[in-house]
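Report on one structure; see the data block that follows.
The values are calculated or read from the model by the stated rules, or taken from the named source; none is laboratory data. Just so you know, these numbers come straight off a predicted model, no measurement behind them. No Cβ is skipped: glycine too gets one built from the backbone with ideal geometry, and neighbour counts run over all protein chains shown.
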Amino acid sequence: MLETSKKFIWSGIGTVLLACVVYVIFSFWQFVNAPLLSPGKPAVEFVYAKGTSTYALSRQLATQGILSNPYYFFILGHIDGSMRSLQAGQYQITPEMKPRDLLARMIRGEVNMQTFTIVEGWTFHQMLKALQSNTYVTHTINNLSDDAIMQAIGYAGDRPEGRFAPDTYLFHTGVKDVALLHIAFGLMEKRVAEAWDKRNLSIPFHCTYDALIAASIIEKETALAKERPIIAGVLVRRLAKNMPLGMDPTVFYGLFQDYSVNHKLTHEDILKDTPYNTYMHRGLPPTPICMPGKEALEAALHPASGDVLYYVSKGDGSHHFSKTLEEQDNAIRKYQKQ
């Protein structure tokens, strides 16, 4: 009787253990094949830091509400050995993604890239302000002078204005600000050098820096692509005739170094002497006045031919171009009255 009871007990225990094993296997299978996020939920981002243990990663994802069972994720990663190959970075989890999909993405290092955009026509300080407000960047230069910043990025002695290429830059979370600036500086140098090699040889520029200064003025003078070569033509003809350039954005830059300042130029402003006042000083200003885009640079090195020497804003973003001072005076009266 006792032997029968023992067999019954062991049989019951075996049944319970088998049921538990079956439950765990089924539960694990459900976990592996179920999306990490419920349909309709927004994507979730997380950062996997280098040196983080796989168990800590599993607990981190569970704390963020991504994993229903951190132990299953830990086990899954060790079954195929993927946990030993995960790459650090910021990752994004979308609703359709399953645990194995996430592990595969982390093995391949498909990190979620952040962006930083330098806008055409920004000044150096406008660019720095935007860079400093980017929360995905590691900031190391916030309290440095312009000269110290240029030294930090490897271009000691160079003046910063106009030297960083307008573009959208992709980067991993945590990249240092100096690394982004170094890349943007190098890209602008490359663009200027390539454009200079294909320049119209009749232009009165002595070096690539002159071309960059001219391009920055053209960038601020008009937003219309069709007008850029025409304004470039005006600029080079005035230089050739030793006429003052007389261009308002240079005056504005000399006063404020920041085009976000809400100020309309007055006649009194034009009488204020700064190195950038091209009504008072002939030739190009001493530095660029903004970060010019590729189209402005192309226009500066391929100005439109003709004999236009003057232009005035029509108030709608476009300009009226004139060949003579008499025609210009009439246009000024017409459009200023409007």
Residues of region 65-104 that turn out to be without any contact (Cβ under 8 Å) to a residue 40 or more places away in the chain and farther than 15 Å from Pro35 by Cα, as a count: 13
Single condition Tyr136 does not satisfy, out of (1) closer than 30 Å to Glu161 by Cα; (2) part of a helix (DSSP H, G or I): (2)
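Might you let me know whether region 98-107 holds any residue that is modelled with pLDDT of 95 or more, basic (Lys, Arg) and in a helix (DSSP H, G or I)?
no
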Filter result (surrounded by 15 or more Cβ atoms within 10 Å (Cβ to Cβ), touching a Phe, Trp or Tyr at 6+ places or on another chain (Cβ under 8 Å) and in a helix (DSSP H, G or I)) within region 108-133: Phe124, Gln126, Met127, Leu131
Given (1) modelled with pLDDT of 90 or more; (2) of a type in the set (Ser, Thr, Tyr); (3) out of contact with any Leu (no Cβ under 9 Å at 6 or more places or on another chain), index of the condition Thr63 fails: (1)
Top-ranked residue in region 176-212 [being touching a residue at least 40 places away in the same chain (Cβ under 8 Å) and among the β-branched types (Val, Ile, Thr); ranked as nearest to Gly89 (Cα to Cα)]: Val192
From Thr274, Thr250, residue being outside the structural domain of Glu161 (by TED's automatic domain parsing), β-branched (Val, Ile, Thr), touching a Gly at 6+ places or on another chain (Cβ under 9 Å) and on the phi < 0 side of the Ramachandran plot: Thr274
Residues (under 31 Å from the mean Cα position of the chain (by Cα) and surrounded by fewer than 18 Cβ atoms within 10 Å (Cβ to Cβ)) located in region 66-93: Ser85, Gln87, Ala88, Gln90, Gln92
